[in-house]
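K.L.:
Right, I'll just put the structure down here and ask away after.
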């Protein structure tokens, strides 16, 4: 014969608290229109009885899913290999600590049609969303711009009028990186960009161009490296093939700089003696030989700010429409 006791119900909570069932329901599901005395009585009854609300029923009452989405429109392998994306995931997860919110991770799948993730978000599966590493063609921006769903971007969206975001000043970072190469005496300076359908890559590339122009220099070469080690290596091979006299390279991420460093070493080019190299991110730069000179992108602070802003939005707390922009700084290494 079973000795298990039935789980306490909402009616049990109401009786134990001495309130009506509807009052108990409101107290359990957010405390709207409930007196402090009744809320305290219900909280005490819930603790004594070990009552666990039915999540499905609660969703019907509150229209809340108690879930937050982290959208990374990149293949899943990038999460495992890209320290920036890994830092974003870890930061959001830690930012939700102490809450009852669950984290839903949405990644792009190979061959997936643009707009698939946006349609999922539109269907009401989550209460809010943080977006990182987004591309112009993802169709996430217009969907979130039209919806009322709380959303915060890590990285400037193309539409800055209706969307909240946090970012590092990529233009200032690109300027600092390129200026270091110019001040070192480099005159044949190339750049390895990220995908130019991303605002971070565009801003860093524009800063490289502008800084060289102000120094009276022409850029030697522009090659795309897609923010990966392999992409950076392939781009560096193309640069050396077409411009063997290159003496400086600004790689718009540390992963691409790592790939470029491998190619330069294989080609017998000494860094920084023959070719000076500057990266961007300061995530793992100390593990390269020589240690990378790079630009710090404060990922932890950025993600913390994005998560805090989103939690306020989900809770209905007014937030400033102004973006939160973090200041980059040069991290000295041995490659430039």
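K.L.:
State whether the residues of region 264-276 include one that is modelled with pLDDT of 95 or more, closer than 15 Å to residue 176 by Cα and touching a helix residue (DSSP H, G or I) at 6+ places or on another chain (Cβ under 7 Å).
P.N.:
For region 264-276, residues modelled with pLDDT of 95 or more, closer than 15 Å to residue 176 by Cα and touching a helix residue (DSSP H, G or I) at 6+ places or on another chain (Cβ under 7 Å): present.
K.L.:
Same structure again: Name the strands (runs of 3 or more DSSP E) wholly within region 87-191 that hold at least 3 residues that are at pLDDT 90 or above and buried (at least 21 other Cβ atoms within 10 Å of the Cβ)?
P.N.:
The strands (runs of 3 or more DSSP E) meeting that bar are 128-132, 151-154, 164-168.
K.L.:
Which residue out of 224, 304 is surrounded by 15 or more Cβ atoms within 10 Å (Cβ to Cβ) and in contact with a strand residue (DSSP E or B) (Cβ under 7 Å, 6 or more places away or on another chain)?
P.N.:
Being surrounded by 15 or more Cβ atoms within 10 Å (Cβ to Cβ) and in contact with a strand residue (DSSP E or B) (Cβ under 7 Å, 6 or more places away or on another chain) holds for just one of 224, 304, which is 224.
K.L.:
Failed condition for residue 84, given (1) under 30 Å from residue 208 (Cβ atoms); (2) in a helix (DSSP H, G or I); (3) modelled with pLDDT under 90, with all others met?
P.N.:
(3)
K.L.:
Working carefully through the options 230, 201, 234, find the one that is under 28 Å from the mean Cα position of the chain (by Cα) and within 22 Å of residue 176 (Cα to Cα). Let's see the steps before the verdict.
P.N.:
Details: 230 fails: within 22 Å of residue 176 (Cα to Cα); 234 fails: within 22 Å of residue 176 (Cα to Cα).
From the options 230, 201, 234, the qualifying one is 201.
The values are calculated or read from the model by the stated rules, or taken from the named source; none is laboratory data. No experiment lies behind these values; they were computed from the predicted model shown. Note: ideal-geometry Cβ built from the backbone for every residue, glycine included; neighbour counts use all protein chains shown.
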